[in-house]
Amino acid sequence: MLYTSLNNSKIKEIRKLKEKKYRDRENLFLIEGEHLIKEAIKNNALMEIFVLEGHKYDFKVQTNYVSIEVMKSLSDLPSVPKIIGVCRKQKGEISGNVVILDDVQDPGNLGTIIRSSVAFNIKTIILSEKCADIYSPKVLRSAQGMIFNINIIKANIPEIISFLKEKGYIIYGTKVNGGKEIKLLEKNKKFAIIMGNEGNGVNEENLKLCDEYLYIPMNKACESLNVAVATSIILYELGR
């Protein structure tokens, strides 16, 4: 079927998924572009697709065709995509090593952390309640489809740290003063690393719950690293 009207009831409902409150209510989200579509298919998350008229894809899901005006209304991109997908949110369970994010706000940082976590064999990411929305377009584009390849859970951080400790995890935090240089750290097979907000770092009360502290040695002229860069370095070292 070809949709050409912006006022069509189905198009209106899909367009609402551009807003977080509707994504949360419907447990659905939008993805744009063929690469993300393929990642969603591999992980059984794709429900249906909307294809720009004049193009064709052989994906085994419900396919809807739309005019360029309708596609523009559904898309968050400056240039009109050829394909948009509707995905169901995944239910994550804690497994493997864990990254805990304490109020990370920037969508680009969150997407990069997701990609690095998959790259360095982290199985689970736990988000505090105030983290950026992982289903926002900017996070999804930055994560490059890796959101479908990792367990992502939203939880209360003190409660989840207590749970992880009961399961034998060691909890690492970052601290310049009083932390161990990461290369000298005796690594535990089951670990969780907590990373903090761009401006304020890890909440002090959450930091007190950590078992060990580490830091990344660097040039004194540089006071700090971007949280996504720091997370990537730490995960690489912990995985060595």
Mean Cα-pair separation over length for the chain, i.e. relative contact order, pairs under 8 Å, 6 or more apart, %: 19
The range 117-190: GluC sites (Glu not before Pro) falling in loop per DSSP and having at most 11 other Cβ within 10 Å: E129, E186
Per-residue Cβ neighbour rank within 10 angstrom, fewest leading, V202, V99: V202, V99
Any chance you could tell me what percent of the C-alpha pair distances in the range 98-238 go past 20 Å? 41
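Which of L235, L209, L140 has the fewest other C-beta atoms within 10 Å, and how do the rest follow up to the most? Don't jump to the answer; show the numbers that get you there.
Details: L235 22, L209 17, L140 26.
Taking fewest neighbouring Cβ atoms as first place, the list is L209, L235, L140.
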Residues other than A132 with Cβ under 11 Å of its Cβ, Lys/Arg counted +1 and Asp/Glu -1, net out at -1
Give the span of the range 2-88's Cα atoms along each principal axis, as three whole-Å numbers ordered largest to smallest. 31, 31, 23
Spatial separation of Cα centroids for the range 161-202 and the range 48-87, in angstrom: 42
Compute the acute angle (0 to 90°) between the alpha-carbon long axis of helix 107-119 and the principal axis of greatest extent of the alpha-carbon atoms of the chain; round to the nearest 10°. 70
Which residue, G108, G168, G96, has the most motion in a Gaussian network model of the chain that connects Cα atoms within less than 10 Å? G168
Helix-derived mean residue ellipticity, 222 nm - over the chain, DSSP H n ≥ 4, -39500 (n - 2.57), to 500: -8500 deg cm²/dmol
Net dipole in debye of the range 176-240 [+1 Lys, Arg Cβ; -1 Asp, Glu Cβ; about Cα centre; nearest 20]: 320
With the crude spin-label approximation of a point 7 Å out along Cα→Cβ, what separation in nm comes out for S67 versus I153? 4.8
Based on other C-beta atoms within 10 Å, arrange C87, C222 from fewest to most. C222, C87
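Where nothing but the Cβ of Lys and Arg (+1) and of Asp and Glu (-1) is charged, how large is the charge dipole of the chain around its Cα centre, in debye to the nearest 20?
560
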Over the chain: Kirkwood hydrodynamic radius from C-alpha pairwise inverse distances, Å: 19.2
So how far apart, in nm, are the two label points at N188 and K91 if each is 7 Å from Cα heading toward Cβ? 2.9
GNM, the chain, Cα, under 10 Å: largest mean-square fluctuation among N43, N151, N109? N43
Out of all DSSP beta bridges in the chain, what portion is antiparallel? Express it as a percent rounded to 5. 30
Considering the dipole of the range 98-238 built from charges on the beta carbon (Lys and Arg +1, Asp and Glu -1) around the Cα centre, which of I126, G199, N149 is farthest to its positive end? N149
Build a GNM of the chain with springs between Cα atoms under 10 Å: which of F163, F29, F120 gets the top mean-square fluctuation? F163
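For the range 98-238, what is the relative contact order in percent, using Cα pairs closer than 8 Å and at least 6 residues apart in sequence?
Result for the range 98-238 is 30 percent.
Each reported figure results from applying straightforward, stated rules to the coordinates on display, with no laboratory input. Bear in mind the structure is a predicted one, so any value in this text is a computation, not a measurement. Note: ideal-geometry Cβ built from the backbone for every residue, glycine included; neighbour counts use all protein chains shown.
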